[in-house]
1. How high is the FRET efficiency between Thr63 and Ala189 when r is their beta carbon distance and R₀ equals 30 Å, given to the nearest 0.05?
2. Helix 77-101: angle to the longest alpha-carbon principal axis of the chain, degrees 0 to 90, nearest 10?
3. Considering only Thr176, Ala149, Ile129, whose Cα is most displaced toward the positive end of the charge dipole of segment 105-196, charges sitting on Cβ of Lys, Arg (+1) and Asp, Glu (-1)?
4. If each residue's Cβ is checked for other Cβ atoms within 10 Å, how do Thr159, Thr131 rank with the fewest at the top?
5. Compute the orientation-averaged projected area for the chain from the convex hull of its Cα atoms and round it to one decimal in nm².
6. Mind listing the long-range amide H neighbours of Asp65? Cut-off is under 5 Å, sequence gap 5 or more, other chains count too, H placed in the peptide plane at 1.01 Å from N.
7. What does the extension gain come out to for Leu148 and Ala79, with contour length at 0.36 nm per residue minus their alpha carbon separation?
Amino acid sequence: MRRVALTGGIATGKSHVLARIDAHGVPTIDADRLARQAIAPGTDGERRVIQRFGDTIVARDRTIDRGALGRIVFADPQARQDLEGIVHPFVYEAIERWFAGLPTGTAAAVADIPLLFETDREADFDLVIVTACSPDEQVRRLVARDGLAKADALARIATQRSIAEKVARADVVIDTNGSIEDTNRQVDALIAEWSV
């Protein structure tokens with residue numbers, strides 16, 4: 001089985017590309033979803049996050065207020081590192097279990113891991129796909145999608161390695177600057193290669 005990692009910067013189209021790959025019947029898993037599970041109500045991760053960051057990140061319904069937590073970790077590199085130290089081991093263990101549990105004969109499977117290069121885990125995979133668009137397009141998408149001010153969008157982008165570095169380290173690059181149809185054509189062509 002070909003173990004594939006999908007990564008890229010924030011707002012570069014990873015979710016769309018993952019959905020397109022999934023639509024082709026290729027097994028996929030999303031590290032962001034696993035990260036949410038890592039700190040879900042009642043988990044050890046939730047307890048450790050609240051212990052580290054305090055009650056200011058607890059919402060009225062007693063769950064973790066992801067917005068409040070995000071504001072802290074995007075403003076403080078040590079806080080972000082502490083959160084990642086809680087979440088990343090859970091995420092990578094879950095991904096390994098997922099790969100191990102796939103049916104024999106699975107040709108390829110894709111794990112969407114936004115911080116693949118930041119965690120230096122690319123060697124765990126046979127192929128690394130990077131979604132890429134211009135930094136200006138990233139900012140535009142973040143402002144439109146998340147309602148962030150431009151300065152906040154730039155700050156979030158700055159917490160990750162640059163798109164240029166990720167592109168340089170990629171095995172395959174999906175350029176998402178163009179239309180959705182153009183992105184889909186690139187994904188479809190890649191999947192066709194795997195089917196050969």
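1. 0.10
2. Between helix and principal axis, roughly 40 degrees.
3. Looking along the dipole axis, the top candidate is Ala149.
4. Ordered from fewest to most neighbouring Cβ atoms within 10 Å, Thr159, Thr131 come out as Thr159, Thr131.
5. If I average the Cα hull's projected area over directions, I get 11.5 nm².
6. HN-HN under 5 Å from Asp65: Val58, Ala59.
7. Gain in length upon complete extension: 22.8 nm.
Every number here is computed from the coordinates shown, using simple stated rules; none is lab data. Here the structure is a predicted model, which means the values were calculated and not measured. So basically every Cβ, Gly included, is an ideal-geometry build from the backbone, and we count neighbours across all protein chains shown.
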